[in-house]
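What follows is a set of notes on a single structure, which appears directly below.
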Amino acid sequence: MDRLRGRVAIVTGGGRGIGLATVRTFLSEGAQVALWDLAPDEAAGRLRSEHPEWPLSAAEVDVRAAGDVRRAADELAERTGRLDILVNNAGVTTGHVPAIELSDSAWTAVVDTNLKGALNCVQAAAPHMIRGRWGRIVNVTSVLAEYGFPGHSAYVATKAGLAGLTKVWAREFGRFGITVNAARPGYVLTPMNAANPPQLVDQVVARTPLGRLGRPEDVANLFLFLCSEEASFITGAIVPVDGGLIT
């Protein structure tokens with residue numbers, strides 16, 4: 001417990017799934033957490049009702065809007081006196097769309113959220129970490145970024161891009177005491193995956209040595225470790241959290 005005591009964290013896409021599990025985990029470990037989401041109120045209200053003592057703030061932030069992201073980060077740092085952790089979790093997908101049918105608008109929506117959104121957040125948060133000479137940035141890539149998946153061109157492209165950016169940012173920010181790592185989840189039970197057909201789910205479980213799907217908490221616990229002092233000599237890593245999925 002208290003592995004993040006005194007730290008201030010931003011979790012994007014914190015209203016559900018992996019993001020919400022991360023918000024809950026970080027708060028339980030002593031961090032002050034800013035839940036950023038397009039619709040944060042329901043999740044924040046539920047957390048405050050369950051744990052009124054937790055230092056939670058919530059803001060409606062669209063990671064695609066660089067100016068809004070910067071203002072929200074600056075306001076948080078001014079209010080708390082610091083900004084230590086950024087979890088780039090916000091992400092969207094087009095669903096299954098073959099490449100020859102993928103529209104410009106669908107491609108742009110995914111790239112602007114998953115890839116440009118992560119860059120916007122890093123550009124807003126990193127200067128505060130640099131001033132504090134300490135920071136943790138964690139990104140969310142995907143097993144699909146390594147192996148591909150038909151019908152998911154935009155999603156796979158952005159997740160592969162985030163894997164590359166993790167390496168770049170680790171090199172750029174290391175001299176300031178900032179680590180940059182990424183989780184590479186397999187199939188996780190999130191709202192984004194809820195509509196997938198049962199046949200697909202059964203196939204994934206059959207190819208997973210641990211014999212189950214991932215839980216949001218599995219990824220959140222990895223984030224907790226990567227953002228703690230215990231991971232102070234780990235940077236530029238893409239860490240699988242996939243139950244040993246055989247692709």
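The values are calculated or read from the model by the stated rules, or taken from the named source; none is laboratory data. All values derive from a computational prediction rather than experimental measurement. Neighbour counts are summed over all protein chains in view; Cβ atoms, including those assigned to glycine, are modelled from backbone coordinates with ideal geometry.
Against the conditions (1) free of Cβ contacts under 8 Å to residues at least 40 places away in the same chain; (2) assigned to a helix (DSSP H, G or I); (3) under 19 Å from Y187 (Cβ atoms), F149 satisfies every one except (2). With a requirement of 2 or more residues that are surrounded by 15 or more Cβ atoms within 10 Å (Cβ to Cβ) and of a type in the set (G, A, S), the helices (runs of 4 or more DSSP H) lying completely within the stretch 152-227 that satisfy it span 153-173.
Scanning the stretch 91-111 for any residue that is touching a residue at least 60 places away in the same chain (Cβ under 8 Å), surrounded by 18 or more Cβ atoms within 10 Å (Cβ to Cβ) and of a type in the set (G, A, S) turns up at least one such residue. Got a sec? Which of V63, V23 is without any contact (Cβ under 8 Å) to a residue 60 or more places away in the chain, of a type in the set (V, I, T) and assigned to a loop (DSSP other than H, G, I, E, B)? V63 is the lone residue from the list that is without any contact (Cβ under 8 Å) to a residue 60 or more places away in the chain, of a type in the set (V, I, T) and assigned to a loop (DSSP other than H, G, I, E, B). As a summary of the residue check, R70 satisfies the conditions (1) part of a helix (DSSP H, G or I); (2) charged (D, E, K, R); (3) farther than 22 Å from G132 by Cα; (4) in contact (Cβ under 8 Å) with a residue 24 or more places away in the chain except for the one numbered (3).
Looking only at residues of the stretch 128-151 that are surrounded by fewer than 16 Cβ atoms within 10 Å (Cβ to Cβ) and at pLDDT 95 or above, we find that the one that is nearest to the chain's Cα centre (by Cα) is I130. For the stretch 34-48, check the following and say yes or no: at least one residue is over 17 Å from the mean Cα position of the chain (by Cα), surrounded by fewer than 23 Cβ atoms within 10 Å (Cβ to Cβ) and modelled with pLDDT under 95. Within the stretch 34-48, none of the residues are over 17 Å from the mean Cα position of the chain (by Cα), surrounded by fewer than 23 Cβ atoms within 10 Å (Cβ to Cβ) and modelled with pLDDT under 95. Within the stretch 94-103, the presence of at least one residue that is at pLDDT below 95, under 20 Å from S142 (Cα atoms), of a type in the set (V, I, T) and under 20 Å from the mean Cα position of the chain (by Cα) is confirmed.
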